[in-house]
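What follows is calculated from the coordinates using simple rules that are stated; it is not laboratory data. Keep in mind the model is a prediction, meaning the values are calculated, not measured. Cβ atoms come from the backbone with ideal geometry, glycine included; neighbour counts cover every protein chain shown.
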């Protein structure tokens, strides 16, 4: 079964080429304030994970929800939601693919 | 740099202090520190007051000058509120330390306060989450318990730390609090009770988490050369460190808080002592796993060995390095803006030989206070003189 993988928007420093997750305002490597948009492939693996059961007021209607730090290409990382299917379990090292983005950020599913 | 000493400490109890306002708690803790120091309050030249979410939860800002008026400090006193999430009071103390060390002031009052119990758990969780980087991570629904759960899962994965070892931190600290009248929870717990408590953010359970609490704590500082004019038991600050970590959890360098590593290195270098010289420590156990990670970041144990150290009893009151003899944040409670000075209060009592859970004849004590997603940390090393 082939699934579509969403790309992830990042920003590339015009001064030194370093890639950052968006948004970024100042390049911590060279001090430049100029960036250009780039995309990277939304394929990664779980660095670590948790399931939130007690949430801030604004997120209470979503509990329980699954969060992971995802390791992406180019040594980038992201904190993202994991869309777990019935019976699925998050594990460190597990490959994940980006499926969408909304107002809580990027969503990944287990691959 | 001049040597600086703590000549007086004061605190309220930590817990659900119903009917006590943020102003009342801060004023009482500060007043008790002034009385403990035996200093004329008109001598105090500056007040640094730690507070994190008083503006959001109880709507009180401009807190430092409000408290100074209540205390009757002189009109030339410089009053500053200090905020660094849960590290606010640790930073407030360090501000006072530096300004006396540098010769700007001779007498500084450092305090910290938080009023949390008047708001719901959800409102507290939301207010605390204001310490997240809103642009990069806050919108995902990550919480502080969630951050430490991310750290816990990674620590277990990298080092084989067990969920039982993590739970043992709670068992130890709850036992330590039995004798501490300032603690919110003064009832023992068992490994089974911790492990069977309600899941909050996997793998952390209710008993892995510190309770929401009210409270305030304070200390009076002066140059060591005149400290004996006020007290027979001055406690010298021999090392003070303040480090920076990462504003996003995804930047973590392993299950560790970089801010603490740097703060500890700075404080130990300044003090000219090593982690093995420390006789008693209060470190930031907002969650069970945090105490394990802190103990490695400070250098009490090798990286990855913190869990085993708890299991082997090395951190108990009679262990190699007694950690959180007060019961820690897990038992005392965690009034976020007050915690750093609450820790210093406990260490000063230990070094004076006055603690309810007294370690045998300690000479050097350490307090370590952490804020946000491991973003900011202070380490204070103190010595009985």
| said: Below 8 Å between Cα atoms, with a sequence gap of 6+, how large is the relative contact order for the stretch A:8-110 in percent? | reply: 22 percent
| field | Cα long-axis angle, helix B:288-298 against chain B (0 to 90 degrees, to the nearest 10) | value | 60 degrees
| message | Report, to one decimal in Å, the Kirkwood hydrodynamic radius for chain B based on all distinct Cα pairs. | response | 20.1 Å
| task | Only residues of the stretch B:233-266 count here: report those whose backbone N is under 12 Å from the spot 7 Å along Cα→Cβ of residue A:75, or say none. | result | none
| field | Neighbouring partner chain Cβ atoms per residue of A:73-84, average, 10 Å criterion | value | 3
| Going by a ≥ b ≥ c, the root eigenvalues of the Cα gyration tensor, does the stretch B:280-385 fall in the rounded group (a/c under 1.5), the prolate group (a/b larger than b/c) or the oblate group? | oblate
| task | Starting from the Cα of residue B:61, step 7 Å along the direction of its Cβ; do the same at residue B:269; then give the gap between the two resulting points in nm. | result | 3.7 nm
| Can you give the Rg to Rh ratio of the stretch B:160-249, both from alpha-carbon atoms, with Rh computed by the Kirkwood formula? | 1.12
| said: Between the stretch A:33-95 and the stretch B:36-97, how far is it from one alpha carbon centroid to the other, in angstrom? | reply: 40 Å
| message | Using Cβ contacts closer than 10 Å as the measure, can you line up B:69, A:98 from fewest to most? | response | B:69, A:98
| field | Size-normalised alpha-carbon gyration radius of the stretch B:216-268, reference 2.2 N^0.38 Å | value | 1.68
| said: With a cut-off of 8 Å between alpha carbons and a minimum separation of six or more residues, what is the relative contact order of chain B in percent? | reply: 26 percent
| For the stretch B:255-327, what does the alpha-carbon gyration tensor say about shape, rounded, prolate or oblate, given a ≥ b ≥ c as the root eigenvalues, a/c under 1.5 as rounded, and a/b over b/c as prolate? | oblate
| remark: 1/(1 + (r/R0)^6) with r = Cβ-Cβ of residue A:89 and residue B:18, R0 = 56 Å, i.e. FRET efficiency to nearest 0.05, evaluates to 0.85
| remark: Cα-based Rg then Dmax for the protein assembly as shown, in Å, read 22.6, 80
| task | Based on other C-beta atoms within 10 Å, arrange B:35, B:204, A:84 from fewest to most. | result | B:35, A:84, B:204
| residue B:385-residue A:58 FRET efficiency (beta carbon distance; Förster radius 41 Å; 0.05 resolution) | 0.25
| task | Could you grab the Rg to Rh ratio for the stretch B:266-308? Cα atoms only, Kirkwood for Rh. | result | 0.98
| request: Post the alpha-carbon centroid distance, the stretch B:237-285 to the stretch B:194-213, in whole angstrom. | output: 25 Å
| Gain in span if fully extended, residue B:35 to residue B:121, counting 0.36 nm per residue against the direct Cα distance | 27.5 nm
| remark: Checking rank on B:265-277, B:10-22, with mean other Cβ inside 10 Å and highest first, the result is B:10-22, B:265-277
| query | What number in nm² do you get for the stretch B:291-342 if you take the convex hull of its Cα atoms and divide its surface by four? | reply | 3.8 nm²
| query | What's the angle, to the nearest 10 degrees (0 to 90), between helix B:258-271's Cα axis and the longest principal axis of chain B? | reply | 40 degrees
| Which whole-percent values make up P(r) of the stretch B:43-140 when all C-alpha to C-alpha distances are grouped in 10 Å steps starting at zero? | 16, 40, 29, 13, 2
| Which FRET efficiency value, to the nearest 0.05, do you get for residue B:312 and residue A:18 by plugging their Cβ-Cβ distance into 1/(1 + (r/R0)^6) with R0 = 41 Å? | 0.40
| field | Alpha-carbon Rg/Rh ratio, for the stretch A:8-110, with Rh computed the Kirkwood way | value | 1.03
| task | Could you tell me the distance between the Cα centroids of the stretch B:152-183 and the stretch B:289-346, to the nearest Å? | result | 9 Å
| task | Classify the stretch B:118-219 as rounded, prolate or oblate from the Cα gyration tensor: take a ≥ b ≥ c as the square roots of its eigenvalues, call it rounded if a/c is under 1.5, otherwise prolate when a/b beats b/c and oblate if not. | result | oblate
| field | Cα-based helix-to-principal-axis angle, B:144-159 vs chain B, degrees rounded to 10 | value | 60 degrees
| field | Distance between modelled label sites at residue B:186 and residue B:226, nm, 7 Å Cα→Cβ extension | value | 3.9 nm
